[in-house]
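Derivation of every value follows stated rules applied to the coordinates shown; laboratory data play no part. What you see is a predicted model, and the numbers here were worked out from it, not measured in a lab. Methodologically, a virtual Cβ is constructed for each residue, glycine included, from the backbone with ideal geometry; neighbour enumeration extends over all protein chains shown.
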Amino acid sequence: MRKNLKSYSSIFFDFDGVIKDSVEIKSIAFGQLFIEFGGDVYKRVRTHHEKNGGMSRFEKLPLYLRWAEQKPSLQLIDEYAIKFSQLVKKKVVDSAWVDGVFDYLKDNYNVQQFFLVTATPQKEIEEILYQLKIIDYFKQIIGSPTTKSEAIMRLSSRHKINPDKAVMIGDSQSDYKAALDNNINFILRKTELNTKLQHELNCIMIDNFL
């Protein structure tokens with residue numbers, strides 16, 4: 001696996017499910033936000049998040065609020081976004097690393113270009129990476145509200161990246177689409193939450209970075 005990765009000069013990483021095993025943490029948090037609206041809403045919210053891990057919370061929250069029969073005003077969306085951030089930030093920092101990823105980043109950031117593209121809001125992901133002491137391993141970090149497709153396009157242009165020598169490592173449909181939109185290679189990190197995607201895609205798939 002590592003030998004294959006080293007054939008790329010530029011690697012775009014997703015965060016949740018690729019660097020940290022934190023997708024389920026966010027699923028639980030979304031559920032907690034909406035549990036007061038009943039078991040059906042709670043289950044629907046968690047199921048949707050788990051199937052759409054790469055989607056921004058600012059796209060999900062209006063949808064979930066409508067399911068809860070709440071008017072998704074900008075103020076209410078912001079209130080729920082703040083509550084969500086407070087619920088997950090420390091838990092994400094404390095969550096398990098995907099096996100081998102920390103060592104791969106530390107050992108290779110000087111010989112390859114590493115970029116992080118994520119649906120987590122920009123300020124929040126920067127704070128998380130700083131606490132994890134890996135922020136300096138990435139040449140550039142782009143979070144929400146920029147989409148992953150747009151982020152890769154901007155980074156590729158700015159850093160004059162050869163698409164044949166670039167790869168996106170992700171765990172969701174949105175990660176795959178971002179790679180496809182930019183004509184770069186894609187590697188799927190397999191999790192229990194993306195088994196359907198594993199059957200649909202024809203690409204390299206990994207369990208971890210060992």
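Axis of helix 148-158 versus longest Cα principal axis of the chain: the two differ by about 30°, to the nearest ten degrees. Taking the helices alone, the chain has a mean residue ellipticity at 222 nm of -15000 deg cm²/dmol, built from -39,500 (n - 2.57) per DSSP H run of at least 4 residues and averaged over all its residues. Between residue 153 and residue 73, the FRET efficiency estimated from the beta carbon spacing at R0 = 25 angstrom works out to 0.20.
Taking amide hydrogens as placed 1.01 Å from N in the peptide plane, the amide H of residue 189 sits under 5 Å from those of 170, 171, 206, each at least 5 positions away in sequence or on another chain. Pairs from the list 20/43; 89/123; 106/177 with a Cα-Cα gap above 20 Å: 20/43; 106/177.
Looking at the square roots a ≥ b ≥ c of the eigenvalues of the Cα gyration tensor of the chain, which shape do they give, rounded for a/c under 1.5, prolate if a/b is larger than b/c, or oblate? Since a/c reaches 1.5 and a/b is larger than b/c, the shape of the chain is classed as prolate.
With the cut-off at 1.5 for a/c, could you classify segment 101-152 from its C-alpha gyration tensor as rounded, prolate or oblate? Because a/c hits 1.5 or more and a/b fails to exceed b/c, segment 101-152 counts as oblate.
Among the listed pairs 133/196; 139/196; 6/190; 83/165; 83/160; 90/160, those whose Cα-Cα separation exceeds 30 Å are 133/196; 139/196; 83/165; 83/160; 90/160.
Computed over the alpha carbons of segment 23-94, Rg followed by Dmax gives 11.2, 34 Å.
Protection proxy ranking for 134-142, 147-155, 33-41, using the average of other Cβ atoms within 10 Å per residue and placing the highest first: 147-155, 134-142, 33-41.
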